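One structure is given here, and the rest of the page talks about it.
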Amino acid sequence: MSGIPTQSAHFDNSTGPGDPTATAYVSYASAISPALGTLENIAQAAILGVLATYDVELQAGGAIFDNTKTDYAARLGSDLYTYGSALSGLDAASGMLAYLSPLNPAAPRAVGNPTAMAKMRTLLTHTGKINVPTIAMGATADPITPAGNVQWLADRAAEQLTASRAAAKAAYLTSGSYTKPASNFMTIWQKTPAKYSKYTATGSPDTTPAGANGTGHCNTTTKQYLAIADLAYAAANTGQLVVGGKLLTTLRKAGGLSYDPGFKASLLKFYN
């Protein structure tokens, strides 16, 4: 419901145990794998959620979470069919959502402290305004800081670039001088492999291998860190982001990194 990914360290949403042509294989890959991936991710996300909430409550002076008006059915939307298995099946999930309806006075709700909630909003403000060359690295299946966080910044940077281009065009019409605006923001993605789930001889998920690229939190290799550091160093010295062949070569040598302007991660539900 919060928007964490269905792909996780060991569940790729595309493979299952046994014969790939079997109905059971297809059902597992399309329904069970996303459910298990969600559960594996929730285990990590919940830990941070509890600790981070407690930390902010200490700073804000009270409860900062309030779901008295949250419509969970609307928030889940069509994702019900993806997460249904993780919620004990569609019938059980639908029943749970009905119970959690804002129209049900018996539904458990957490009431926030208005003063603390107002204080929380003053602790940090995100504007999305990029003033210097900035490189963000995001893992497409990170359960702690989901890709939607980076995507929000990328969207703001795109809006900023569009506004800069409009201003440059207006200046050209007035003065005859045109300076092409350049983006100050770049997203480097750690994308997951197409297939990476492993299974034992009995068909059970094998969760012993290390998490796949693009999954987990800070699951980054030394080569990947150094590649981003090199790109950031070059941008700091020139005042411009590295583009073209040098960028692609740097990412290729690091492995597991990609620059894809056409890729767009799903925003967190918070932003919708």
Item checked: Contacts under 9 angstrom Cβ, first residue in region 234-248 being under 10 Å from PRO133 (Cα atoms), partner among the acidic types (Asp, Glu), 6 or more apart -> VAL242/ASP230
Check: Would it be correct to say that THR200 is of a type in the set (Val, Ile, Thr) and farther than 16 Å from ASP12 by Cα?
Finding: no
Item checked: Residue tally, condition closer than 19 Å to ALA9 by Cβ, exposed (fewer than 14 other Cβ atoms within 10 Å of the Cβ) and either of a type in the set (Lys, Arg) or free of Cβ contacts under 8 Å to residues at least 60 places away in the same chain (or both), over region 29-74 -> 3
Notebook entry, point to check: LEU267 passes all but one of (1) more than 19 Å from ASP155 (Cα to Cα); (2) crowded, with 16+ Cβ neighbours inside 10 Å; (3) out of contact with any Ser or Thr (no Cβ under 9 Å at 6 or more places or on another chain); which number fails?
Noted result: (1)
Check: On the given criteria, is ARG165 within 29 Å of SER8 (Cα to Cα) and part of a helix (DSSP H, G or I)?
Finding: no
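Can you find a residue that is of a type outside the set (Lys, Arg), free of Cβ contacts under 8 Å to residues at least 60 places away in the same chain and outside any loop (DSSP other than H, G, I, E, B) anywhere in region 178-195?
Quick first cut of region 178-195, residues of a type outside the set (Lys, Arg) only: 178-179, 181-190, 192-194.
Right, trim to free of Cβ contacts under 8 Å to residues at least 60 places away in the same chain and you get 178-179, 181-185.
From the residues that got through so far, the ones that are outside any loop (DSSP other than H, G, I, E, B) too are 185.
There is at least one residue in region 178-195 that is of a type outside the set (Lys, Arg), free of Cβ contacts under 8 Å to residues at least 60 places away in the same chain and outside any loop (DSSP other than H, G, I, E, B).
Taken together, the values in this text are just the output of simple stated rules run on the coordinates, not laboratory data. Just so we're clear, the structure is a prediction, and the values are computed from it rather than from any experiment. Every residue, glycine among them, receives a Cβ derived from its backbone with ideal geometry; neighbour counts consider all protein chains shown.
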